[in-house]
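Take a look at the structure below.
The values are calculated or read from the model by the stated rules, or taken from the named source; none is laboratory data. As the structure is a prediction and not an experimental result, all values here were calculated from the model. We place every Cβ from the backbone using ideal geometry, glycine too, and count neighbours over all the protein chains shown.
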Amino acid sequence: MLTVETVSGPVAAEELGVTDYHEHLCFQAPAWLLREDPDFALNDVDKSAEELRAWHAAGGKTLLEMSAIDFGRDIRAVRQIAKQVPEVNIIATTGFNKPYYCDRWVAEAPEAELVKLCVRDLTVGIDGTDSKAGVIKGGTGYNMITPLGAKLLRVAAQAHLETGAPIITHTEAGTMGLEQLELLAAAGVSPKRVCLSHLDRNPDFWLHRKIAEAGAYLGYDCPGKIKYGPDELRISVLRRLVEAGYGKQILLGNDLGRPSYWRSYGGGPGLDFVLTKFVPRLREEGFSEETLQDLLVNNPRRFLAGREEI
């Protein structure tokens with residue numbers, strides 16, 4: 001039986017159900033980041049649990065908590081949320097988001113030391129707990145891969161090679177996706193084990209088709225965040241990808257890493273937006289039930305389990 005690690009222990013891949021591939025529930029943002037932008041204070045366990053219950057009521061079953069080491073990952077807070085909402089499978093992350101968030105120690109530490117940290121998160125537990133990470137994160141900046149960005153990707157690649165856990169990358173505004181795949185492939189990672197996040201920030205069908213042709217998964221996680229463009233644009237590219245035969249390589253999420261996005265914190269559109277608003281719109285615009293089942297259930301299950309046939 002294929003299983004996937006959650007903060008509460010392994011879960012059978014067949015039981016993952018409707019999955020949000022890229023989310024944030026609770027983290028302790030670095031102090032310097034909060035000084036620059038207080039809207040990263042997503043740190044209230046009870047409010048996050050309240051919102052997660054609403055997401056579950058809308059049909060959600062499994063959520064990937066993508067707060068990485070450099071972004072203030074708080075496994076103990078996430079474990080508390082998991083205990084309050086045991087109906088939801090929460091998958092934690094290891095690795096690093098992007099160079100901008102990294103403290104000096106990340107830049108100065110030997111790659112082998114960072115790999116060892118990630119492998120321990122994946123095989124033993126995170127920060128002294130028995131909750132293991134289920135995915136690895138790495139990322140780069142806007143329109144460039146700096147030496148530190150390349151280092152973060154190499155660390156993710158080596159951790160993957162040692163554990164088999166899938167990689168989810170951060171692409172800044174949807175840029176450098178093909179270049180990330182090239183770097184990861186040079187390190188021995190199959191594109192089929194990689195998902196590139198935030199690609200709908202850059203709704204370029206030609207680019208997305210090239211990424212899909214390479215074999216990677218495409219992460220769409222900005223529905224409802226109109227500051228990144230209207231949903232019409234991402235739906236248009238999504239439709240063309242499905243029509244071109246790449247509907248089984250797309251993952252959906254919402255990446256709500258700010259309290260201003262959460263209704264429980266007094267904001268919006270809310271954690272359940274994809275399930276209550278975006279998916280019904282896709283259905284109304286002609287996306288088949290088979291395609292929606294792929295986007296919500298089948299694709300993330302295959303990606304997380306590492307088996308194309310399930």
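Kindly indicate whether any position in segment 151-163 is at negative phi and at pLDDT below 95. No, segment 151-163 has no match at all. When segment 166-214 is filtered for residues that are of a type in the set (S, T, N, Q) and either touching a Ser or Thr at 6+ places or on another chain (Cβ under 6 Å) or crowded, with 17+ Cβ neighbours inside 10 Å (or both), the ones remaining, listed by number, are Thr169, Thr171, Thr175, Gln180, Ser197, Asn202. Cβ-Cβ distances below 6 Å connect the following pairs, each with a first residue in segment 132-151 that is hydrophobic (A, V, I, L, M, F, W, C), a second residue that is modelled with pLDDT under 95, and a separation of six or more residues or different chains: Leu148/Pro99; Leu148/Ala107. Just give me the residues in segment 2-39 being in contact (Cβ under 8 Å) with a residue 12 or more places away in the chain and farther than 26 Å from Ala57 by Cα, in sequence order. Leu2, Gln28, Ala29, Pro30, Leu33, Asp39 - these are the residues of segment 2-39 that are in contact (Cβ under 8 Å) with a residue 12 or more places away in the chain and farther than 26 Å from Ala57 by Cα.
Is it fair to say Tyr217 is touching a residue at least 24 places away in the same chain (Cβ under 8 Å), over 21 Å from the mean Cα position of the chain (by Cα) and crowded, with 16+ Cβ neighbours inside 10 Å? No.
Against the condition among the β-branched types (Val, Ile, Thr) and within 26 Å of Leu161 (Cα to Cα), how does Val189 come out, does it pass? For Val189, the condition - among the β-branched types (Val, Ile, Thr) and within 26 Å of Leu161 (Cα to Cα) - is met. Condition check: surrounded by fewer than 21 Cβ atoms within 10 Å (Cβ to Cβ), farther than 20 Å from Glu23 by Cα and of a type outside the set (A, V, I, L, M). Does Arg281 satisfy that? So Arg281 fits the description; yes. If you check Asp39, Asp20 for being touching an Asp or Glu at 6+ places or on another chain (Cβ under 9 Å) and among the charged types (D, E, K, R), only one passes: Asp20. For Phe287, the test of being surrounded by 12 or more Cβ atoms within 10 Å (Cβ to Cβ) and within 22 Å of the chain's Cα centre (by Cα) is failed. The requirement of being buried (at least 20 other Cβ atoms within 10 Å of the Cβ), out of contact with any Ser or Thr (no Cβ under 7 Å at 6 or more places or on another chain) and not in a helix (DSSP H, G or I) is satisfied by Leu251. Going residue by residue through segment 98-111, is there one that turns out to be farther than 20 Å from Gly268 by Cα, of a type in the set (Val, Ile, Thr) and under 16 Å from the mean Cα position of the chain (by Cα)? Within segment 98-111 (the criterion being farther than 20 Å from Gly268 by Cα, of a type in the set (Val, Ile, Thr) and under 16 Å from the mean Cα position of the chain (by Cα)), the answer is no, since none of the residues qualifies. Quick check, is Tyr246 crowded, with 18+ Cβ neighbours inside 10 Å, more than 25 Å from Ala54 (Cα to Cα) and of a type in the set (Ser, Thr, Tyr)? Yes; evaluated as a whole, the condition is true for this residue. Filtered by the rule that a residue be of a type in the set (A, V, I, L, M, F, W, C) and either out of contact with any helix residue (DSSP H, G or I) (no Cβ under 8 Å at 6 or more places or on another chain) or touching a residue at least 60 places away in the same chain (Cβ under 8 Å) (or both), segment 269-299 gives Leu271, Phe273, Val274, Leu275, Leu296, Val297.
Only one residue in Arg234, Arg240 is crowded, with 20+ Cβ neighbours inside 10 Å, basic (Lys, Arg) and over 19 Å from His24 (Cβ atoms), so which one is that? Selected residue: Arg234, the only one of Arg234, Arg240 that is crowded, with 20+ Cβ neighbours inside 10 Å, basic (Lys, Arg) and over 19 Å from His24 (Cβ atoms).
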